Structures are given as C-alpha cells and as structure tokens.
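**Q** Input: one structure, supplied below.
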Amino acid sequence: MYAQMVVQADRACGQRVSRAGAASGILPSAGSPTWPRRPSRARTLPHPFASTVRPHARTGVTPMRPMLKPGLARLRRDELTLQFGTVRRYARLVEQADAAVAAFLDLVDGTRDTPELLAAGERLGLDPGLGRALLDSLADGELLDDAEALARALEGFPQPQREVLGPDAAGLSLVHPEPGEAAEVIAARRRARVEVRGAGRVGAALAAVLSAGGIGAVTVADGGRVEPGDCSPAGIPPTDVGRLRSTAAREAVLRAAAAAPAERHRPAPVAAGLPALVVLAPRDGAGAWTGRAVEAHELARSGVPHLYVGVLEHLGVVGPLVVPGSSACGGCAALTRADEDEGWPGLLAQLEGTGAGPARRPACDSALATAVAGLAALHAQLFLDGVLPPSVDGWCELSAADGMVRRLRLPAHPSCGCQWPGGRPPLAVPGAGACSGAGRGGT
Ligand SMILES: [Zn+2]
C-alpha cells in the first residue's frame, strides 16, 4: 500500500515547478553588504495548492523524536490523500494515506523516538522499512520537527512562558523548516538582550512583544512618570499613570513573559556586555527622523545594531535597522533628505529640541502605534534570528491615512562615511554569520 503511495508521489515530483525566492519578501538593495541571509528555500508545487511528499533522498536525518509540525492543519483532500497546511508555501500532500498510514501519522506527535515509532507502526501493519521511508518523506517535505530539541529549548523558560510560547514555536517551526532549527532560534532568543529606549505608546508595547516572543532580556530605558498618552493596550495600562515609566515598562515586559504577579517586581537584569540590538523609540516619535545624533554616534562607535521606530503625525516608521559599517544609517537618511530639501538639517535640529516648536501633543494613533510596535518587534526578531529584515538599507512606513505599509529603499549616502573602509573589526550579527564594519553613523 505505502509502496504505491511512494511511487505516485515520486512521479508527481517530476512535475516540479521551482518557486525559488517566491517567499523571500522585500530584500535590500543589490549593493548591500555581505549578510547572513537565510537562503530562499525553493519549494515545489506539482499540485496547484500543495506540493506532494516524496521519498526522502537523504538518510539518517529524521529527528530524534519526530513530530508533525503542529502549526499545520491536517485536512483530507479525498479518500486517500491528506493535505497538511493551507498556505501555498507550506502545504504538502500525503497520498495513498489509507487507514494504517493515517493511524501511523497520528503517532508522529513527538512522544516517541524513531525506533519506538517504527515499532508502533509495525503493530498497525506498517512494514518498518516503509515506515522509515514515510518518515524520511515527511522530513524531506518539511513536515517534521524534533520534539526533543524543542522541549530542551523551552526548558530555559519558566513554565508559564513555555505554554505562552507554544504558538510562537509552531510558527518558527515553519519559518525555520529543518528539524531542530526552530529550537535553535528559540534558544538564541532566550540568550539575547535587547534594549528599548523610550517607554511611550510604541516603545513599551514593542518591548512587551519582544518579551512575549522569547527574548530573554528586554530592558526599557526612560525617565519621568507615566502620562495618559504613554498608555496602550499592548504596553503600559492606564492604571499605571503617575508611576515611574521605567517601572511600569518593566512590569509590562514581565507580564508579557507570563511572569507571576509576585515576580513582576524583580529588577531588570544586570547588563552584561553590549546588547544584541538597541531600539530607539522616543516617546515623541521625532527620533525616527532625527535618530538623536549623539546617541546614534555612540551606538555606531560601539558596533551596536540599532533600529529606529516611531510615529510621526499620521505616519508610523520602522527603520532603518542599522548594522554599523554594513548598512545605511540614520545619517544616510538625514543626508538623503537634505539632498531633496536644503532646509531639512535646520528643521532636524529643531526636532531634536534645540529649536522652537516641538509638537504640543505628539500625534500617535493607538492602532497605528500598536501596528508599528508589532512590525518593529517582528523586524527585531528576524534580525536576531539571523534573517535580513526589510528595514535594513530601507525603512517601512505605515500610514494612518490609508492603512498601507510601504517599504522605501535607503542607499548608503556617499557623504556619510559610515561605510568607508577600514576602522572596525568584523561585527558578529546575532543568529548567524558576521559582517564587516567600519564606521560612524548617526543622524
Ligand atoms: Zn550612513
């Protein structure tokens, strides 16, 4: 029975259509530096809506405790065909899936290692050799993950947060498809430290989302006391008005990590070494234009990657995410705008507080601020996971006027000097690889 399934699946694979790059999203300019890009994974689609699982060409790569990826819906397309997943990028067919195969698939839930699974399959009438071939086919079709590796990665988190991270892990298992790969990403996130500067409507929410996503140490730096305009459903609640911003933001971070109420008063972790990423999210949003030149210079000199985030009037801005010496910086953005508007540097100086006329009440739509916080958190996570986000050598704008998200390119400005050769040793980028850097930055 299963042999027929394999033959049919193999035949279907002869009609493969390459989709290389179809899921790659927005990538930076062609002139961007060497980067730890995740290679686009060519997928095949012999079926209009799902590719077919085929015999595994490799051997010995089935995970230690195989688990069908829990994030994929299991559907029956016809009497003998199962479909896993609905999104074209991940959907797979398992053909000739009779009752024995379906029952075997029920057992692939991460509670058994491979020998135990094959023995259980044999009791269902499935030959061990065919069971092994089926497992290999499932692995080759990126339907399997390693439950043991995932459990080890989640052990590093407190029990309540392990449960909260379940859907995140299911999603990561799809984005990072090799068995055990999502577990490595989760473990790396737990080791990472991100510093968010600004505990306003965007910054506090962003910090909370990062914490919820498993970033092990998220600190929020800001002064003063919470004002009503700082509050948002994803960040600091209105009940915290009047409290210290740093304390309220810290509690939002711990709440998002499912910390018990008694634990939310524990102090922020002691900073050790440089953070993997600094997010510049000043409360008035103007920093997303100005980048706060001195701050940006310091980060660039230290080789610390940093991401500009803010809401300005009706526009949410995510980016650029600057890897010093390797991608366009805030200074490049300011110089590019000055090329178009010679008065811009003077306006920029006023926005930084040295001139007259800051906004009396900075505009910050709640829905826009929450969307900006979420998008910025996603870009930060991608960067920490070793994937290139579109805010590198560019930035994204979200408009409260039309709800559109646009990505704009940001080439390095020839007068900025942030990518002039020489000066800085290679900078390790979280997640994978390294990039070289020289430079100064700042806006
Ligand atoms: Zn620059």
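The values are calculated or read from the model by the stated rules, or taken from the named source; none is laboratory data. On a predicted model such as this, the values are computed, not experimentally measured, just so you know. Here the Cβ is made from the backbone with ideal geometry for all residues, glycine too, and neighbour counts use every protein chain on show.
**Q** Tell me whether region 375-386 contains one or more residues that are in contact with a Lys or Arg (Cβ under 7 Å, 6 or more places away or on another chain), assigned by TED's automatic domain parsing to the domain that holds residue 322 and on the phi > 0 side of the Ramachandran plot.
**A** Within region 375-386, one or more residues are in contact with a Lys or Arg (Cβ under 7 Å, 6 or more places away or on another chain), assigned by TED's automatic domain parsing to the domain that holds residue 322 and on the phi > 0 side of the Ramachandran plot.
**Q** Looking at residue 313, is it surrounded by fewer than 24 Cβ atoms within 10 Å (Cβ to Cβ), without any contact (Cβ under 8 Å) to a residue 60 or more places away in the chain and assigned by TED's automatic domain parsing to the domain that holds residue 382?
**A** Taking the combined requirement at face value, the residue satisfies it.
**Q** Continuing with this model, one more query. Filter region 291-319 down to residues that are under 24 Å from residue 368 (Cβ atoms) and either assigned to a loop (DSSP other than H, G, I, E, B) or within 9 Å of the ligand (Cβ to nearest atom) (or both) and give me whichever is nearest to the chain's Cα centre (by Cα).
**A** Going through the qualifying residues, I end up with 291.
**Q** What number of residues within region 94-119 satisfy the criterion of being touching a residue at least 60 places away in the same chain (Cβ under 8 Å) and either under 15 Å from residue 173 (Cα atoms) or in a strand (DSSP E or B) (or both)?
**A** Within region 94-119, residues that are touching a residue at least 60 places away in the same chain (Cβ under 8 Å) and either under 15 Å from residue 173 (Cα atoms) or in a strand (DSSP E or B) (or both) number 1.
**Q** Next question, about the same structure. In region 392-412, what residues are in a strand (DSSP E or B) and closer than 22 Å to residue 340 by Cα?
**A** Across region 392-412, the qualifying residues are 394, 395, 396, 397, 398, 399, 406, 407, 408, 409.
**Q** Would you confirm whether or not region 377-388 contains a residue that is within 29 Å of residue 237 (Cβ to Cβ), more than 16 Å from the ligand (Cβ to nearest atom) and over 21 Å from the mean Cα position of the chain (by Cα)? Spell out how you get there, then give the answer.
**A** So in region 377-388, the residues within 29 Å of residue 237 (Cβ to Cβ) come out as 377-384.
Filter once more, so that each one left must be more than 16 Å from the ligand (Cβ to nearest atom): 377-384.
Next, only the ones that are over 21 Å from the mean Cα position of the chain (by Cα) stay: none.
So far as region 377-388 goes, no, none of its residues is within 29 Å of residue 237 (Cβ to Cβ), more than 16 Å from the ligand (Cβ to nearest atom) and over 21 Å from the mean Cα position of the chain (by Cα).
**Q** Please enumerate the residues belonging to region 320-337 that are more than 9 Å from the ligand (Cβ to nearest atom) and hydroxyl-bearing (Ser, Thr, Tyr).
**A** 326, 336
**Q** Checking residue 182 against (1) in contact with a helix residue (DSSP H, G or I) (Cβ under 9 Å, 6 or more places away or on another chain); (2) within 23 Å of residue 100 (Cα to Cα), which single condition isn't satisfied?
**A** Just one mismatch for residue 182, condition (2).
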